[in-house]
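Quick note: the coordinates plus some simple rules give every number you see, no bench work behind them. Since this is a predicted model, take the numbers as computed values, not measurements. Ideal geometry is used to build each Cβ from the backbone, glycine not excepted, and the neighbour counts take in all protein chains shown.
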Amino acid sequence: MKFLLTLLSSALLTATQAATPNIVIIFMDDMGYADVSCFGAQGYQTPNIDKLAAEGRKFTNFHVAQPVCSASRTALLTGCYPNRVGIHGALGPSAKHGINASEMTIAEVVKQKGYATAAVGKWHLGSMPQFLPVKHGFDEYYGIPYSNDMWPYHPQAKKGAYPKLPMVLNDGIVDEEITPEDQTHLTTDYTTRGVQFIEKNKDKPFFLYLAHSMVHVPLFVSEKFKGKSGKGLFADVMLEVDWSVGQIMDTLKKHGLEDNTWVIFTSDNGPWLSYGDHAGSAGLLREGKGTCWEGGTRVTGIMKWPAKIPAGSTADTMMMTIDVLPTIAHVIEAKLPEHKIDGLNCWPIVAGDAGAKNPHDFYAYYYEQNQLQAITSGDGRWKLQLPHGYRSLPADQPKATGGIPVLYKQEKIEQPELYDLYADVSESKNLASQFPEEVAKLQKHAEAIRAELGDSLMKQPKGNGSREPGRAEK
């Protein structure tokens, strides 16, 4: 009898652990699709990230909802298109709005199941106290409230354009001014905080959101990695980020947490190409950050959870960061928000189930101030670029060096352009005239999302499903 009770107890413990995995999301800043070696990086290696992929699952068709900082982070953390919740672009230090208290973040979802939660690194969903992580489901926070270039040392900004860049602990400032020397320690400091959080909460389920400031410009690296790559500052910074991933994984292994921890590694958008040798690479993808071409939205995606995700596997099926929240909620059996979200449960894709299909009919790509710029079929094959203006680097433009960007040229799509991403991931051949039926299908989806969220390009500033961001009292 005692033996049977022991077996039953063990089985219940295993079932409980399986329903409440530890969750670690490592979110890069401006890292391009081809900036890690297992996704095609040239000239340097990222062995810890490569190991994560080898022991987990690569997602080669993984996308962000918008190709820019605040909007992208909003989508990941709320499961919503960012324009649904009133967040557009990149919020500056003077912004008086941010994530609304009525929205539900991943941290608030996992809190239903008793998780300890922490955000470390760049936040960028509003810098005023009411918008900080500790007001939105995170037990603790350490990091900077917005991008690391929004500071007085910005070489291209007008004098006085930015205030001092602070370091925040929970909801208070612990360092009023981050200096260039301080920035060299950011990756290490974030990593240390992440490791400490894991060790402190190793005996309970936890959620760590580690949002690196790198490889966003200005680039900084610690002395231990300075010059180590032999390939320039950007490669040095990537080596340090790779080291950071290794530190997190080693900590999980040290405490016997590796098998029941779900690790997600990705980026907020593609590379900021105008910065040349201080920017990463989108590989074969067209354009980069700040555009709704594949180079702006398709990012490195890697997930590992030994108990549930097949090792050494690859998923070519499309997913978007809006799907992360509902997929986590499904796995841990937590309730979704009562308000509408846009993401859907994609666990069959993550788990590598045979025949798993994306549950979406389509994905919408908004940018700028609520401009609907592109629509993709849910399976990720067909993409319709809608008429809009976008930035591009001319082919004959000399490459930027030393952290000083070159100027973009403004281009424009006059008529809808259709691309078969299965055959042409570089979006080089417009097939609109050859497949009018596919154009019509995607145009119909575009009309549906315009009614829901609006489209400023069509003089529809808001839709019937748009919600307001949080606003600070004046």
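Some observations on this one:
- Phi-derived couplings, Karplus 6.51 cos²θ - 1.76 cosθ + 1.60 at θ = phi - 60°, listed residue by residue for the stretch 168-184: 10, 10, 6, 10, x, 8, 9, 8, 5, 9, 7, 9, x, 4, 4, 5, 5 Hz, with x used for Gly and Pro.
- In order along the stretch 244-256, the phi-based Karplus estimate (6.51 cos²θ - 1.76 cosθ + 1.60, θ = phi - 60°) of 3J(HN,Hα) comes to 4, 4, x, 5, 5, 5, 5, 5, 4, 5, 4, 9, x Hz; Gly and Pro are listed as x.
- With contributions of -39500 (n - 2.57) from each DSSP H run of at least four residues, the per-residue ellipticity at 222 nm computed over the chain stands at -7500 deg cm²/dmol.
- Sum of side-chain charges, H339 neighbourhood, beta-carbon under 15 Å (Lys, Arg +1; Asp, Glu -1): -2
- Mean Cβ count within 10 Å, highest first, over the residues of peptides 166-172, 19-25, 370-376: 370-376, 19-25, 166-172
- Among beta bridges that DSSP assigns inside the chain, antiparallel share in %, nearest 5: 55 percent
- Cβ-based charge dipole, the stretch 20-357, positive-most Cα from A119, L239, I302: I302
- Label of the coordinate-derived value, Rg/Rh (Cα atoms, Kirkwood Rh), listed as (1) 1.05; (2) 1.08; (3) 0.95: (3)
- Average Cα contact separation per residue, the stretch 363-471, under 8 Å, 6 or more apart, as relative contact order %: 25 percent
- Of interest is the spacing of the C-alpha centroids, which for the stretch 442-474 and the stretch 70-92 amounts to 13 Å.
- Positive-pole candidate from H255, G352, S274, dipole of the stretch 228-365, charges at beta carbon: H255
- For L165, residues with placed amide H under 5 Å, excluding near neighbours: I178
- Sorted by Cβ density within 10 Å, fewest first, the residues C38, C346: C38, C346
- For the peptides 353-366, 420-433, the ranking by packing is 353-366, 420-433, with the highest mean count of neighbouring Cβ atoms within 10 Å listed first.
- A simple count of charges around I309, restricted to other residues whose Cβ falls under 12 Å of its Cβ and scoring Lys, Arg +1 and Asp, Glu -1, yields +1.
- Whole-Å distance, taken between Cα centres, linking the stretch 118-193 and the stretch 328-365: 31 Å
- The relative contact order of the stretch 163-244 comes to 24 percent, based on Cα pairs under 8 Å that sit 6 or more residues apart.
- Cut-off under 5 Å, modelled amide H: who pairs with T300 long-range: Y33, S267
- Burial ranking of peptide ranges 245-252, 57-64 (average Cβ count within 10 Å, highest at the top): 57-64, 245-252
- Relative contact order %, the chain, counting alpha carbon pairs below 8 Å whose residues are six or more apart: 22 percent
- Backbone HN-Hα couplings from phi across the stretch 288-298 [Karplus 6.51/-1.76/1.60, Hz, Gly and Pro as x]: x, 3, x, 9, 9, 6, 4, x, x, 10, 7
- Geometric descriptor of the stretch 363-471, per residue, is 159 Å³ (volume of the convex hull of the Cα atoms).
- Cα-Cα over 19 Å, subset of K231/K304; K111/K357; K231/K399: K231/K304; K111/K357
- Rounded to the nearest 20 debye, the dipole size of the chain about its Cα centre is 460 debye, using +1 on the Cβ of Lys and Arg and -1 on the Cβ of Asp and Glu.
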